[in-house]
Amino acid sequence: MTQVAWLRTSYWAGAVADGVIGMLMLLPSRMGETEFRYPMGLAATLAFGWTVLLVWADRRPVERKGILLITVFPVITGLVLAGVYSVVSGLLPASQIIPSSSLGVILTVLMLYSYWNARDLDRDELS
């Protein structure tokens, strides 16, 4: 795959993941008790916003590759750490966190590789 194809794959993998997560957050069965519905709605809105941001970055993949770093640090890292905290503190069983944390690690590796792989593209364009 070319460097730009890796960037685009990263943007779309993140966008699809965020879109699915946002939709799952809006399912009544996942939103929990009444006091959790408002925060889940806010979180879903942010997930959809990040979906749009990643699709926007794909329109100029080299110029906007920094979006990948922002997606990894703090977004994915924060989500994974929140999951770890919820397990350590006894709020959730590990079995509920493993799928989303695994996806977070996979997306992190993909995005960091894509960013690193495209590090010389800016220099090539300036020459």
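The values are calculated or read from the model by the stated rules, or taken from the named source; none is laboratory data. Predicted model only: the values in this text are computed from it and were never measured. Don't worry about glycine lacking a Cβ; one is built from the backbone with ideal geometry, like all the others, and counts go over all protein chains shown.
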Would you confirm whether or not region 102-124 contains a residue that is in contact with a helix residue (DSSP H, G or I) (Cβ under 9 Å, 6 or more places away or on another chain), loosely packed, with under 15 Cβ neighbours inside 10 Å, more than 14 Å from residue 6 (Cα to Cα) and among the hydroxyl-bearing types (Ser, Thr, Tyr)?
no
Which of (1) more than 25 Å from residue 9 (Cβ to Cβ); (2) crowded, with 18+ Cβ neighbours inside 10 Å does residue 95 not meet, given it meets every other one?
(2)
Go through the residues of region 41-52 one by one and say whether even a single one is among the aromatic types (Phe, Trp, Tyr), closer than 15 Å to residue 110 by Cα and modelled with pLDDT of 95 or more.
no
Would you please list the contacts, defined by Cβ atoms under 7 Å and residues six or more apart or on different chains, that run from a residue in region 43-65 that is of a type in the set (A, V, I, L, M) and surrounded by 19 or more Cβ atoms within 10 Å (Cβ to Cβ) to a residue that is at pLDDT 95 or above and outside any helix (DSSP H, G or I)?
57/64
Quick one: residue 91 ticks every box in (1) at pLDDT below 95; (2) part of a helix (DSSP H, G or I) bar one, so which box is it?
(2)
Among the numbered criteria (1) surrounded by 13 or more Cβ atoms within 10 Å (Cβ to Cβ); (2) under 13 Å from the mean Cα position of the chain (by Cα); (3) farther than 29 Å from residue 122 by Cα; (4) of a type in the set (S, T, N, Q), which single criterion is violated by residue 77?
(3)
